[in-house]
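> Please find one structure pasted underneath; my questions will follow.
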């Protein structure tokens, strides 16, 4: 049997067997954990909730969980040493295969068991909690004694892809010690390296390229550990993530991520390979590669993180603890694989390369500002990754895609509603308003309560007329007299009206009529963007009565009714507005000559105009299903205050 290269797994667990025979390795690279002597007492271990609490906080997992993202329904595949499927942390593993075992085991070191648990350990009060604790796992055991052959790795990648793995985790890589690195590569600055003349590039192997292309072409995202050689560049096959064709197109389609390790303080681990780049296209002026390693490089916690301890009940297992600490970029890779599952669950219609870009764009910047040759894009941040990126646009209704929501031209930042009679309370029962969908710059949908952009107040009210709140400028009154009738005419830029009446002894009666024209407003309410309204016209009429009950005391009252006709704004969620009826009343008393002949005191109660009848059609996208978008809308009724009247339509609008 011939093969070109052996691979070793990329965490400290790989050393547990080797250290026994080559203890000098432990002295050279102290980043690997030390196995306790057989005479040492079994150490205690933390509870499930506390085991990796600091690590989960470090990557923002709790925030993502609080939004309902736990990896449910997502498949994470692993090519590794095997898995102890009897461990309570691995109850979510749904498929396993190996060319070496008739039934799945993790005999040698437990590396595969640990990696699976970091990504998807069940939340069951045992062991640890995986980043995606409701994801499903698949494991292909591609080797024994900690080493995997090229053929086994390739077969495992293809098997995982054929079994619909959304993510494929490769916590493995070729070994290249730091002392040998300078024999092969020369630093030309800015984290870029070129091959020395006359040597064979040990990272030039493309043994996994075909299988990785097979997997990524079927939608799998491949997560590869950078390696634990303390080198300035990642190992192979991780470097294949940025390999391009002659035209500069990524051979893996941007569906692969390289992961390095940081400690609890977000400092690059001393054992972790960095985000430097081995140039493939060297020119006289430098490197002409369109894409570099740092562009697809993330870091995640990799130092002394708890994971499931394989075969912990076996007599040969000295610790007898269900969990053990591990470190290495293998750990970091598994954590990122779990994180990707949360994004895939939340937005299953996203393309794999979009998910990769989301993780890269939302990473917490570390080291030199911007994307750099040590930390790449920075630390995975699941809190930021599950929040909107860029400007939010209202989801478009007409002509939506059948795979994801399409943004309209209406920006959420320019949407709102202020003042007037149509206010936040008017939309209390509208599910469309409560769950309106907006789209971020990455094409992801988010639910927004549009009523949060509404403020309530009837502006510009003056006692001259109860409908003064519809005026956009100061209302100017003019006294009028026609025969035995007297009153006042009033007007502003968009409103005019008159009140005239006649005094009959101690009794006064009068009538009032008025009209207001509003632009992009209804009943004093101005709407913008997604809450916009069209122009409207309101006309009102009513009666005024007063009675002198003594020489200096006068009782007065009025009642008016208004009718509003409005147009809808074509870009708004409010797509149709019916004829709207309003009414208002006032009752008051005035006492003249309270102290001297020139003064008076009044007490008045006014019910400002309120909506008594009318409805609007609210139409908007309120959600989507995995394979298609749903467009939902419905009639919403202004709640009538007449006793016994009950709206029967789907959503109720209530006015204050």
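The values are calculated or read from the model by the stated rules, or taken from the named source; none is laboratory data. Keep in mind it's a predicted model, so treat the numbers as computed, not measured. Here the Cβ positions follow ideal geometry from the backbone for every residue, glycine too, while neighbour counts run over all protein chains shown.
> With respect to residue 37, determine if the residue is modelled with pLDDT under 95 and surrounded by fewer than 22 Cβ atoms within 10 Å (Cβ to Cβ).
It is true that residue 37 is modelled with pLDDT under 95 and surrounded by fewer than 22 Cβ atoms within 10 Å (Cβ to Cβ).
> Is one or more of the residues making up region 351-374 touching a strand residue (DSSP E or B) at 6+ places or on another chain (Cβ under 9 Å) and closer than 30 Å to residue 533 by Cα?
no
> Right, here's the next one. Mind listing whichever residues of region 209-250 are surrounded by fewer than 23 Cβ atoms within 10 Å (Cβ to Cβ), in a helix (DSSP H, G or I) and over 27 Å from the mean Cα position of the chain (by Cα)?
Answer for region 209-250, where residues must be surrounded by fewer than 23 Cβ atoms within 10 Å (Cβ to Cβ), in a helix (DSSP H, G or I) and over 27 Å from the mean Cα position of the chain (by Cα): 209, 210, 213, 214.
> Could you figure out which of (1) free of Cβ contacts under 8 Å to residues at least 40 places away in the same chain; (2) out of contact with any strand residue (DSSP E or B) (no Cβ under 8 Å at 6 or more places or on another chain) isn't true of residue 186?
For residue 186, the failing item is (2).
> With more than 30 Å from the chain's Cα centre (by Cα) and under 20 Å from residue 253 (Cα atoms) as the only criterion, which of 279, 287 stands out?
After applying the criteria, what remains is 279.
> Here is a check on your reading of the model: is residue 451 surrounded by 15 or more Cβ atoms within 10 Å (Cβ to Cβ) and closer than 30 Å to residue 395 by Cα?
Yes: the conditions hold for residue 451.
> How do the pairs read when you match residues in region 117-145 that are at positive phi with residues anywhere that are assigned to a strand (DSSP E or B) and crowded, with 24+ Cβ neighbours inside 10 Å, using Cβ under 7 Å and keeping only pairs 6 or more apart or on different chains?
127/308; 127/323
> Any residue in region 451-468 that is under 14 Å from residue 489 (Cα atoms) sitting within a Cβ distance under 7 Å of a residue that is part of a loop (DSSP other than H, G, I, E, B) and modelled with pLDDT of 75 or more? List the pairs, counting only those 6 or more apart or interchain.
Between residues of region 451-468 that are under 14 Å from residue 489 (Cα atoms) and residues that are part of a loop (DSSP other than H, G, I, E, B) and modelled with pLDDT of 75 or more, the close pairs are 464/475; 468/475.
> Looking at region 129-149, which of the residues that are surrounded by fewer than 23 Cβ atoms within 10 Å (Cβ to Cβ) and at pLDDT below 95 is farthest from residue 84 (Cα to Cα)?
Once the filter is applied, the top-ranked residue is 149.
> If the requirement is being assigned to a loop (DSSP other than H, G, I, E, B), in contact (Cβ under 8 Å) with a residue 40 or more places away in the chain and either more than 20 Å from residue 426 (Cβ to Cβ) or under 37 Å from the mean Cα position of the chain (by Cα) (or both), which of these qualifies: 550, 572?
So the residue among 550, 572 that is assigned to a loop (DSSP other than H, G, I, E, B), in contact (Cβ under 8 Å) with a residue 40 or more places away in the chain and either more than 20 Å from residue 426 (Cβ to Cβ) or under 37 Å from the mean Cα position of the chain (by Cα) (or both) is 572.
> If we scan region 423-444, do we find a residue that is outside the structural domain of residue 523 (by TED's automatic domain parsing) and at positive phi?
yes
This table checks each residue for (1) surrounded by fewer than 21 Cβ atoms within 10 Å (Cβ to Cβ); (2) in the same structural domain as residue 294 (by TED's automatic domain parsing); (3) assigned to a helix (DSSP H, G or I).
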{"site": "151", "(1), (2), (3)": "yes, yes, yes"}
{"site": "155", "(1), (2), (3)": "yes, yes, yes"}
{"site": "158", "(1), (2), (3)": "yes, yes, yes"}
{"site": "165", "(1), (2), (3)": "no, yes, no"}
{"site": "180", "(1), (2), (3)": "yes, yes, yes"}
{"site": "186", "(1), (2), (3)": "yes, yes, no"}
